[in-house]
Amino acid sequence: MIKSIATLLFSLALPSLAHTQTVVDGANIYKRCAACHQASGAGVPGVYPKLGAQVARFAANPQGRAYLITVVSAGIMGELKIDGRAYNGYMPAQAGLGDEQVAALLNHVVGGVAKASSAKLFTTDEVKAVRAEHASAKPTETMKLRPKQ
Ligand code: HEC
């Protein structure tokens, strides 16, 4: 009995250990976003934008993709209008994320949260190139990259 419980626990623990050690887990990184944008991406109307259909549209073109990468890397501040609702908040730059982690995070945000499963995947190289171009963006400058909807 004791032996079989130990075997069971071991077999449960093993796959999750292997997962965290070998794969950059975008869903895990998203936990820091969920504090504001919510686990579902629904946001808090008027305070924290939803991460939904507009994010799926951004992911479909180069300018929108550069915008998403820069929002995460440099933060964003200024006036936004989403579904007729005004936002005028501040999102701090998400420090401590490498290029590979930002790519994994955005693949989760676009595919998992905004449910745009056919979107082209973000790559480490794409993130690196956009960050090099917009490395010193201030949160107010990020807003200028936002595609008109
Ligand atoms: C402390 C709260 C907070 C956290 C944490 C946060 N955000 Fe934000 N985010 C905001 C606010 C506030 C705005 C809107 C800023 C404004 O009004 O200018 C925003 C805007 C955005 C936008 C732009 C939406 C649009 O329609 O243009 C995206 C994309 C985004 N956040 C993604 C993320 C991701 C991904 C993470 C996690 C790495 C994250 N945010 C973490 C508060 C937060």
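The values are calculated or read from the model by the stated rules, or taken from the named source; none is laboratory data. Keep in mind it's a predicted model, so treat the numbers as computed, not measured. Surface accessibility is based on the protein's heavy atoms, side chains included, excluding ligands, DNA and RNA. Shrake-Rupley method; radii C 1.70, N 1.55, O 1.52, S 1.80 Å.
On the principal axes of its Cα set, how long, how wide and how thick is the stretch 78-132? Give whole Å, largest value first.
34, 27, 16
Compute the Kirkwood hydrodynamic radius of the stretch 19-149, taking the inverse of the mean of 1/r over all pairs of distinct Cα atoms, and give it in Å to one decimal.
14.6
For Glu141, Glu100, Glu126, give the ranking by accessible area with the largest first, probe 1.4 Å.
Sorted by accessible area, descending: Glu100, Glu141, Glu126.
I'd like the Karplus ³J(HN,Hα) series for the stretch 101-109: coefficients 6.51, -1.76, 1.60, θ = phi - 60°, whole numbers in Hz, and an x wherever there's a Gly or Pro.
Couplings: 5, 5, 4, 5, 4, 5, 5, 6, 4 Hz.
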